[in-house]
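Structure record follows, encoded as structure tokens.
The values are calculated or read from the model by the stated rules, or taken from the named source; none is laboratory data. Because the structure is a prediction, the values reported are computed rather than measured. Virtual Cβ from ideal backbone geometry, glycine too; neighbours counted across all protein chains shown. Note: accessible area is taken over every heavy atom of the protein model, side chains too, but ligands, DNA and RNA are not part of it. Shrake-Rupley method; radii C 1.70, N 1.55, O 1.52, S 1.80 Å.
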Amino acid sequence: MAAVQPWWSGTVIYQLIVRSYADGNGDGIGDFKGLSGRLPYLRWLGVKTLWLTPVYPSPLRDGGYDITDFTGIHPDLGDLASFHRFLTAAHGQGMRVILDLVLNHTSDLHPWFQRARWAPKDSPERNVYVWSDDPQRYSDAPVLFRHFESSNWEWDPVAEQYYLHRFLRHQPDLNYANPWVQETMLEVVDFWLDRGVDGFRLDAVPFLCEEEGTRCEGLPETHAFLKRLRQRVDDHGRDVLLLGEAIQPVQEAAPYLAKDELHGAFNFVLTAHLFAAVASGSTRALGNCLQDAQDVVEGCGWALPLRNHDELWLGDGHLIPQEVIQTIRVGLPQGQGHWLNWGINRRLAPLLNGDPRANRLLHGLLYSLPGMPCLYYGDELGMGDWPGLRDRDPNRTPMAWTPARNGGFSAAPDPLLVLPPITAPGYDYRVLNVEVQKQLPGSLLNWHRRMLICRRLLPALQSGSFRLLSCAHPGVIAYVRSTEAMTVLVAGNFTAAGAAVGLDLSDWQGQRTREVMWGCEFPIAHDDWYVYLQPYGFNWWLIGEVEVEGSETSSQPPKATAGEPSV
Ligand code: GLC
Ligand code: CA
């Protein structure tokens, strides 16, 4: 009998920012009341896991990744009671919820930091953070936020010492060499697990510990703490997802995935290669990257994002050729600026020049790969961004729900809104919103929903094995996903021209092939099987005599029917 899979195996993760999602009390800021009201939409869409960016009290100088209380809820969003109501409702709708947890640092306004700076040098209180008399300490550790900081150290006039901050100067690093810090952060994890959350997206995991003469990334002490964390989580006796953020090459991110460490990590290298393949029309590097990603410890998996709340990472000049990066930048609407820290600060749709074909192609791959596909709120609509806003705010504007004022996000007067809703030509919320797209059968939103239904109906796409097929066309990628019961073939064309490709399906010689989405019959499988793919076209095919339960795949696209929740 096959082993029971944990709930997160193959799950589709929907990332959202509560304060930008839906405003339930009319103050211009999204909150848990508003989000709870949108759960029927999320269920309708078919996502199974919600990842909330930080929800804790914070001065919000880094989108909430600057925390002042790890066991509270930011008053703008509600309180522990409204969080509890939301969580219960999400569970009731069959969804899981993971919280973003920032282990590496706090806000400088956190009481621990205020206490530390006034406490005597070398006292237990001071040692909750990392201090030095010499700002040359750990000088091999690179500055991460290069557009905002020039050093990892900041002088504190009260403490009369420098403190370490791998991120912004108002985010002092916690000192993981101090047992109190380790134990206290484990208690934070207990706190939220006791309240029923299903897991954590662990922010910036490589940077927890420091050691002279190293880049201070992924040190053995850091892994040792993450193993303690895993043990602590396992002690709760239920499946909890620990998903690490390590923006690094696959070989450096992979060690976090271990039976006794994290269950998942983001595959940002894949993200970079997907964009590079669209820009270059070549899939060779993408194919190698997909192959590399298969080498993962049993019981662990990659989370697969296209975009998120940060800039798009394309590697530090080693991963993606400079001319390909340049092609992406030159193609962007409003010129080629938008470079921030380590990547391009734009949302998915503008990065693809508003081309829905490329959007479908990338998601068509993402939804058919092993791992946990991640959908960033608004990308199911092809929502735009607002270049020129501060820091990464261009990618964090309110969700577009309806053509009404503020896109139905909030009833508050415009100046009170958390961020402006998108009105840019081509992306205006009056046209591009959930309500309108729900009614248009050919919309991107209905397409995403249909793809997610197909993924749910085809276990091969969630948990099947992966095998790359060789294909002579340099712009086409092809692979199969198989379980004992079914095989699904996927092919995608990353070029702006049509592609006729021959695939060797001799392993399935004589078997029936059917396109998944509409059930259209294709020629019988054989050693020289030909298909035509439109520019940026892709397709999923079922191979063999497979009965798909609840066969929504053989008829018309799913429609919003009477009785279904409206937006
Ligand atoms: C992570 C977050 C980013 C944040 C940083 C510092 O990279 O994704 O938004 O600014 O950590 O916490
Ligand atoms: Ca509100």
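General observations
- Were the residues from V330 through S123 laid out at 0.36 nm apart, the gain over their Cα-Cα distance would be 69.2 nm.
- Relative packing of 68-75, 328-335, which averages over residues the other C-beta atoms within 10 Å, highest first: 68-75, 328-335
- For the chain, the mean projected area of the C-alpha convex hull, equal to one quarter of the hull surface, is 25.3 nm².
- Carbon plus sulfur fraction of accessible area for the range 464-546, probe 1.4 Å, in percent: 51 percent
- The range 184-198 residues near the modelled H236 label - backbone nitrogen below 12 Å, point 7 Å along Cα→Cβ: 186-198
- Distance in nm between pseudo-label sites at V297 and L389 (7 Å out along the Cβ direction from Cα): 3.8 nm
- Average silhouette area of the range 111-164, convex hull of alpha-carbon atoms, in square nanometres: 3.9 nm²
- Note on exposure: T327, T513 ranked by accessible area (1.4 Å probe, complete protein assembly) read T327, T513, with the most exposed listed first.
- Pairwise centroid distance, computed over Cα atoms, of the range 178-213 with the range 103-159, Å: 18 Å
- Å² of accessible area per residue within the chain, as computed with a 1.4 Å probe and no ligands counted: 38 Å²
- Förster radius 25 Å - calculated FRET efficiency between N288 and D507, Cβ distance, rounded to 0.05: 0.70
- Rg and Dmax of the range 464-546, Cα atoms only, in Å: 11.9, 36
- Based on DSSP H segments of at least four residues, each scored -39500 (n - 2.57), the chain has a per-residue ellipticity at 222 nm of -7000 deg cm²/dmol.
- Other residues whose C-beta falls under 15 angstrom from the C-beta of R347 contribute a net charge of -4, scoring Lys and Arg +1 and Asp and Glu -1.
- In nm, spacing of pseudo-spin labels at E160 and D414 (7 Å Cα→C-beta vector): 5.3 nm
- Compared with the dominant principal axis of the Cα atoms in the chain, helix 179-194 is inclined by about 50°.
- The length gained by stretching the chain between L60 and H526 to full extension, at 0.36 nm per residue less their Cα-Cα distance, is 161.9 nm.
- Virtual paramagnetic centre 7 Å along Cα→Cβ of Q5, amide N under 20 Å, in the range 229-254: 238-244
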